[in-house]
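Step one of this worksheet: look at the structure below.
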Amino acid sequence: MSSKIPVSVLIPAKNEQSNLPACLTSLQRADEVFVVDSQSTDNSIEIAKSYGANVVQFNFNGKWPKKKNWSLDNLPFRNKWVLIVDCDERITPELWEEIAEVIQNNEYEGYYLNRRVFFLKKWIRHGGKYPDWNLRLFQHQNGRYENLSTEDIPNTGDNEVHEHVILQGKVGYLKNDMLHEDFRDLYHWLERHNRYSNWEARVYFNLLTNKDDSGTIGADLFGDAVQRKRFLKKVWVRLPFKPFLRFILFYIIQRGFLDGRAGYVYARLLSQYEYQIGAKLYELRNCGGKLNTATTAKSATPSLTPEIGQTATN
């Protein structure tokens, strides 16, 4: 077996028994792996243990920080470099070789990884889905996820999904891709994006009301890829007919039609997702900045409950 690479992997998880085996199999080169679980009711914990991962339970109290930032603050990583991998992602052997090489030099404090997103067994190469750069490999003392002030919106989950890492230091880009493919069915895609649309509606609302964005990655048309995307989102939220525009942008302008039937289905679902965001934004603007719900956050506080012989304290 190839030698271990001095990288600590962080995997946020909840009820991911369908995805975890392939994910953990792809991480055998890592020196250590932490699966930070949110009280899974399926076999996720048992699967993680069978692969030798350190299992830690996270109890979200409805306030910042969410799972990834809390993990970066509290987990006893024994390596300087941390690699954040979602359960539906895989690190290829070629990417591992590149990671092993770049962490040996001192040129950068972090690296963007490019994702190949698969949908209905098809690589979605067009529609603006590729390249898909994510800052996932960095020196953990130097990076934390931004806070976009969305914690007051219920049913958005306990994990940072669309927030970006703010890194103190220089950032590079890796050449080899990571793979993103959810082995669960479309029901889970729809359920997940229903939650995401709550979060997106709050982000749209904050942008439209000019909420203070200090402590976040700023919007800059002439900045890096993330800053340009943030600038374009500030323009996007003010446009009319966004569900229709999103379909046209993805499927026609960015040539999503080249991805066949899967590309068409993906485009239709993104249009529907945009409509959900708009409907929830309307609700926010007409309910004093709150979704019309009686849901309240749990009062539990985050805890560090190590398993597999791991000893740790807050």
- Working carefully through the options Arg90, Arg78, find the one that is within 18 Å of the chain's Cα centre (by Cα) and either of a type in the set (Phe, Trp, Tyr) or modelled with pLDDT of 95 or more (or both). Arg90
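Is it fair to say Gly128 is under 29 Å from Arg228 (Cβ atoms), among the small types (Gly, Ala, Ser) and within 13 Å of the chain's Cα centre (by Cα)? Let's see the steps before the verdict.
Numbers: under 29 Å from Arg228 (Cβ atoms): yes; among the small types (Gly, Ala, Ser): yes; within 13 Å of the chain's Cα centre (by Cα): no.
Against the criterion (under 29 Å from Arg228 (Cβ atoms), among the small types (Gly, Ala, Ser) and within 13 Å of the chain's Cα centre (by Cα)), Gly128 does not qualify.
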- Message: Could you check segment 147-185 and list, in sequence order, the residues that are farther than 27 Å from Val237 by Cβ and not in a loop (DSSP other than H, G, I, E, B)?
- Response: Gly172, Tyr173, Leu174, Lys175, Asn176, Asp177, Met178, Leu179, Glu181
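Restricting attention to segment 214-253, report how many residues are assigned to a loop (DSSP other than H, G, I, E, B) and surrounded by fewer than 16 Cβ atoms within 10 Å (Cβ to Cβ). I'd like the intermediate steps shown before the answer.
Taking segment 214-253 first, the residues assigned to a loop (DSSP other than H, G, I, E, B) are 214-224, 237-241.
Of the ones still in play, those that are also surrounded by fewer than 16 Cβ atoms within 10 Å (Cβ to Cβ) are 214-215, 218, 220-224, 238-241.
Total satisfying the criteria: 12.
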- Query: Any residue in segment 83-91 that is more than 27 Å from Tyr204 (Cβ to Cβ) and in contact with a Ser or Thr (Cβ under 6 Å, 6 or more places away or on another chain)?
  - Reply: yes
- Task: Please list, ordered by first then second residue, the pairs with beta carbon atoms under 6 Å, 6 or more apart or interchain, first in segment 266-280 and among the polar types (S, T, N, Q), second in a helix (DSSP H, G or I).
- Result: Ser271/Pro243; Ser271/Arg246; Ser271/Phe247; Gln276/Ser197
- Search segment 162-187 for residues being farther than 22 Å from Val102 by Cα and surrounded by fewer than 15 Cβ atoms within 10 Å (Cβ to Cβ), and hand back the single one that is modelled with the lowest pLDDT. His162
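Just give me the residues in segment 120-135 being in a loop (DSSP other than H, G, I, E, B) and among the aliphatic types (A, V, I, L, M), in sequence order.
Scanning segment 120-135 gives Leu120, Ile124.
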- Any hit, segment 150-171, residues being hydroxyl-bearing (Ser, Thr, Tyr) and more than 16 Å from the chain's Cα centre (by Cα): no
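The values are calculated or read from the model by the stated rules, or taken from the named source; none is laboratory data. Here the structure is a predicted model, which is why all the values come from computation and not from measurement. Cβ coordinates were reconstructed from backbone atoms using ideal geometry, including for glycine residues, and neighbour counts include every protein chain displayed.
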